[in-house]
Amino acid sequence: MMESEVTGNCHASFGERDRETHKSRGLKVRSVPTLFSPLLANIALNGIEEVTDGIYKRINHKVLCLRYADDLVFICKPEHNIALVKEQASKFLEERGLKIKESKTHVVKSTDGFDFLGWNFKVKPNGKFISTPSKENTAKVKAKIKATMKDSRFTLEQRITKCGSLIRGWRNYNRYCDLSSHDLWAQNYWTWKYIRKQGKYDRQGTDKLIKKSFPSVPWKVNAHINVTGDKSPFDGDLSYWAKRENKNYSGIHASLLKQQNHQSKACGLTFFSGDKVELHHADGNHGNWNKSNLQMLHRHCHQHQPIHGKARVARNHNDVKVEIDA
């Protein structure tokens, strides 16, 4: 597993004056990656995945490289020369004025496991592959739970809602991992006791709030959606990537997306990777789940639907007129 030092070189120099002011006062200054960092990393490292192709030419003998921005994993077989793989990667980077970050570069056995993008990947003795949230990933969410619940800037109810969003997001991110040992039971119990200490809710009320702050999310081990062949998000095949993204939905959502040919009912545009997709009740009645009343829309389309606009009431003597701001 390797990481290049390209991220540090991609940090934007915006706000240099402010940075210099902080330095002159002896204050610590932290450079933060911008939205351009992944783009520059992808440009600089494009092609590093094939650095060993000239050495290992046979398809079933090639070194597999996985990359996300500047994080790299080379998966080697026993017959591969690991030192040579690292040498080829270093040569590729040197030509671009970069180098391997030694502190984050490790050679490990797949049976010992390794961390990548917040997950720990491991091959079990029986040969089966498994992934779990990494220790760092888990430690961070545990710390965030306590920090969120103790944040006195918000009411207890607001903190519970924020905690629920945090847990839901974390569990969704890890929904294809083995979460059998990552149920966050200790944090659940700590939060239960914390709410009770506030003296606002009884045991039953606290039990209900815990379900809200620790929402359950279905997970299934190794149910990742594989990419077909050598498809790339940059190959221009928007239809393929839209349909692949929509496979993340299930139930009525998946059925409606298929019925709508993966297009928003409001604007007619295709849903692409990264688009926020929401379910819309055409008549505004959230109790009407008739399929003919349901539509899948882009979030921005959904927010501009008249039924969800901001209502403004104008009073004229005894008449009440309601106007909708779309």
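The values are calculated or read from the model by the stated rules, or taken from the named source; none is laboratory data. This one's a predicted model, so the numbers in the text were calculated from it and none came from an experiment. Note: ideal-geometry Cβ built from the backbone for every residue, glycine included; neighbour counts use all protein chains shown. For accessibility, only protein heavy atoms count, side chains too; no ligands or nucleic acids. Shrake-Rupley method; radii C 1.70, N 1.55, O 1.52, S 1.80 Å.
Spacing of the modelled spin labels on LYS243 and LYS212, each 7 Å from Cα toward Cβ, amounts to 4.2 nm.
Could you give the length gained on full extension between ARG299 and GLU102, defined as 0.36 nm per residue of separation minus the Cα-Cα distance, in nm?
Computed gain between ARG299 and GLU102 is 66.6 nm.
Modelled spin-label separation between LEU269 and SER180, with each label point placed 7 Å from Cα along the Cα-to-Cβ direction: 4.4 nm. For TRP119, the residues whose modelled amide H falls within less than 5 Å of its own, excluding neighbours fewer than 5 places apart on the same chain, are SER134.
Shown are PHE129, PHE121, whose ranking by accessible area with a 1.4 Å probe and every protein chain present, most to least, is PHE129, PHE121.
Computed over protein heavy atoms with a 1.4 Å probe, the carbon and sulfur contribution to the accessible area of the range 147-254 reaches 51%. Judged by the mean number of other Cβ atoms found within 10 Å, the most tightly packed of the peptides 237-243, 106-112 leads the ranking 237-243, 106-112. When only the Cβ of Lys, Arg, Asp and Glu is charged (+1, +1, -1, -1), the dipole of the range 89-144 relative to its Cα centre reaches about 240 debye.
Here each label is just a point 7 Å from Cα along the line to Cβ, and for LEU66 and GLU79 those points are 2.3 nm apart.
From largest accessible area down, sort GLU95, GLU102; use a 1.4 Å probe on the protein chains.
Working: GLU95 130, GLU102 110 Å².
In descending accessible area the options line up as GLU95, GLU102.
Nearest 20 debye, what's the magnitude of the dipole of the range 93-240 about its Cα centre given +1 on Lys and Arg Cβ and -1 on Asp and Glu Cβ?
Values: 30 positive and 15 negative charges, 211 e Å.
Using Cβ point charges on Lys, Arg, Asp and Glu, the range 93-240 gives about 1020 debye.
The residues packed around GLN88, meaning those with a beta-carbon under 13 Å from its beta-carbon, carry a net charge of -3 if Lys and Arg are +1 and Asp and Glu are -1. Taking the average, over residues, of other Cβ atoms within 10 Å as the packing measure, peptides 147-158, 169-180 rank 169-180, 147-158 from highest down.
Which one of PHE92, PRO125, ILE82 is farthest out on the positive end of the charge dipole of the range 51-129, using unit charges on Cβ (Lys, Arg +1; Asp, Glu -1) and the Cα centre as origin? Value computed over the given set: PRO125.
A straight chain from SER250 to ILE55 at 0.36 nm per residue would run longer than the Cα-Cα distance by 65.8 nm.
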